[in-house]
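What follows is a single structure, written as C-alpha cells, with notes after it.
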Amino acid sequence: MPRLVRWTRLAVGLVLFACATRTMADPDLWGHLRFGLDTWFTHTVSAIDPYSFTQDRPWVNHEWLSELQTAVAYRVAGVAGLSVLKGALVFSALWMVWNTLGGADFIARIISLGLVVLGTGSVTSTLRPQLWSLLSMAILCLILRRGGRRRIALPALFALWANVHGGWVVGFGVLGAWAAADVLSDRRGTVGWLLTGIASALGTLCTPYGLSLWRFLMDTVHVTRDISEWQPLFAVPTMNWLPIVTTFLATCWLIRSIERHRWPTAAALIVLAYGTWRVSRIGPLFAVAAAMLLGPTIARRWPQRPVPMGSLQPRAALVATSVVVAAGLGASVWIAASSVSCIVVTGSWTPPADAVRMLTSAPTAGRVVTFFDWGQYALWHLGPRMRVSMDGRRETVYSDARLTEHDAILKGDPGGLQALSDWHAEYVWLPARSVTTKTWLSGHGYRIDLDTRDAFLAVRDDIPRWTVPLDAPVGKRCFPK
C-alpha cells in the first residue's frame, strides 16, 4: 500500500508539472529573451542599449541572470525549453508549499495550496523574472522558519536573488522584520542577526553593478509608478485581490495559534501585507510566504487523519499502481503537448503583426516611434537595424521625463507632438486610439501607409513606398511571432 501511495504522488506531481508548463506571452517576453541571448553571445552585460534611440540613462539590467537562463532554455529546446523552464520554477515553488503543509489534513492542504495558486496566478501564467522571486521567497521563508545553521545560506540566496530580479528588496524587508522581532523576543541573538543582515546586504552587491544597483532601485522602486501591477491592491481586478484578502484574513486568524516564532512570523507577514496593500505586485510573494510560514501551524490545527485503505491483494495493488501511473503519464503528456509547442500571444496588449511585417522589408533602416507594450516585440523582430523609442524596460533605460514625453505622444498633447517634430523619426507605429497624433503626422511630413482598427503606421514622406504582401490573419498566435 505505501508503494501505491508513492506512485500516486508521483502521478499527481507529473500532472501538476505539466499544468505549470502552460504559458502565455506577456509584453516583455520578447525583450527578456533577446537580452538574454545578447548576454549569451557577447559574454557581457552592457550599459549601452543597442535597441533604443531615446535612451537617456545607463541601462541597469538587474534581471540579467534570469534572462540568461531564459536564453539557455531557448537555445537548448526552443519554445518548449521556455515552457519547461517556467514549469520548473512554478512547480518548485508550489512543491515547497505542499511539503511545508505536510502532516496537515488532505482537505486543508488542498485549500491552502489552492489559495496560493489563485494568489500567484497573476505571475505564474507567464514566464517572467518575477518567478525567480517567487521561488526565492519560498526558500527564504523555509530558512527563516527552520533557523539554526541554515541561516548561513542567506547571503548566497540574496547574492543570487539580486542578479535575477529586483524582488530581493521585498525579501530583504522580510528578513529585517523577522530579525527585528526575533531580537525583541530574545536579545541573545542580536549579534548573529546583525552579522547575517550585513552579510546578506553585501551579497546583493555581488552583481555587475555593485552599489549602482542600490542607487537604481532607490530611484525607481516606489509606490507611485504608473504601471497596473504597481497600483494599490483594490485597484486591480477582483480575482487578483480576493485570494490575497482571503489569505490575509486566514493569516490573522492563525497567528494566535503559532507555537514557535510567533512574533517574527507576524512581523514578516505584516510587512508583506502592508506592501501588498500599497503595491498589488507583492501579493504573490505574500501568498507564498504565508503558506510557507504558517504551514506547520495549519498541520497542527488540522492534523492528517489515517485513511482506511482496506486490504488489497498484491495483484490488485499492482494493477491499481499501474493504472494510476498510466493515468498520470497520459494526462501529463496530453496537457504538456500543447503548452510546449505554443506560448500563446493573447490579450488586449497584443501587438498587431502587420506593421512589423511591413517594417521588416522597409527599404530604409531607421527609428520607430512606438509605445512600451509593443516596444520589445518590435526590437525582437526589427532590432538592431531599427531602433525603438520606448519599450517595457521603462525606468531601467528611460528617465521620468522620457516616459512623460511618450504618454504625451500617445495622447497627442503638445509636448508629445514637439518630441515627434524634434526626432523626425523614419517610422511611427502607434495604437489606433492615438487619433490626434495620426492627424498631426499626416500634416507634418508623414504618410499613413497602414491604418487598421488596432494601429497605424506612419512613414516619413522622403522614404520610397514599398510593397509587401501581408499574411492572412491566423486564429492563434504563438511566440515569438
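Odds and ends about this structure:
- FRET efficiency, 1/(1 + (r/R0)^6) with R0 41 Å, evaluated for ALA337 and PHE53 via beta carbons: 0.45
- Dipole size of segment 353-460 about its Cα centre, with +1 on Lys/Arg Cβ and -1 on Asp/Glu Cβ: approximately 240 debye, rounded to the nearest 20.
- Compared with the dominant Cα axis of the chain, that is its longest principal axis, helix 314-339 is turned about 20°.
- With both residues required to sit in the chain, DSSP beta bridges show an antiparallel share near 60%.
- Relative to the longest principal axis of the Cα atoms of the chain, the long axis of helix 283-301 lies at roughly 10 degrees.
- Relative contact order for segment 2-301: 24 percent, from Cα pairs under 8 Å spaced at least 6 residues apart, divided by residue count.
- Sites CYS478 and ALA432 - FRET efficiency at Förster radius 22 Å, r taken between beta-carbons, to 0.05: 0.35
- On the beta carbon distance between VAL191 and ILE110, with R0 = 30 Å, the FRET formula returns roughly 0.10.
- Karplus-derived HN-Hα couplings along segment 69-77 (A = 6.51, B = -1.76, C = 1.60, θ = phi - 60°), whole Hz, x at Gly and Pro: 5, 4, 5, 4, 4, 5, 5, 6, 9
- 17 Å cut-off, amide nitrogen to a point 7 angstrom out along THR364 Cα→Cβ, residues in segment 406-448: 420-429, 441-448
- Gyration tensor verdict on segment 143-284 (Cα atoms; rounded if a/c is under 1.5, prolate if a/b is larger than b/c, oblate otherwise): oblate
- Separation of the SER212 and THR238 label points, Cα + 7 Å toward Cβ, nm: 4.8 nm
- Taking every Cα-Cα distance in segment 353-460 and sorting them into 5 Å bins from zero, the calculated P(r) comes out as 2, 13, 26, 27, 21, 10, 1 percent.
- For segment 42-50, 3J(HN,Hα) computed residue by residue from phi via the Karplus equation (6.51, -1.76, 1.60; θ = phi - 60°) reads 9, 6, 8, 10, 8, 8, 9, 8, x Hz, glycine and proline entered as x.
- On Cα atoms only, tilt of 211-220 relative to the major axis of the chain in degrees: 80 degrees
- Residue (of TRP95, GLY203, LEU65) at the positive-pole extreme of the chain, dipole from beta-carbon charges: TRP95
- Between ALA326 and TYR274, full extension at 0.36 nm per residue minus the direct alpha carbon distance yields a gain of 14.1 nm.
- Only helical runs count toward this figure. For the chain, summing -39,500 (n - 2.57) over DSSP H runs of n ≥ 4 and dividing by all residues gives -19500 deg cm²/dmol at 222 nm.
- For segment 2-301, the Rg and Dmax computed from alpha carbons only, in angstrom: 19.5, 63
- Reciprocal of mean inverse Cα separation for segment 251-306 (Kirkwood radius, Å): 11.8 Å
- Each DSSP beta bridge with both residues in segment 353-460 is either parallel or antiparallel, and the antiparallel ones are about 65%.
Since every read-out is calculated from the coordinates, none of them should be taken as a lab result. Source: prediction; values computed, not measured. Neighbour counts are summed over all protein chains in view; Cβ atoms, including those assigned to glycine, are modelled from backbone coordinates with ideal geometry.
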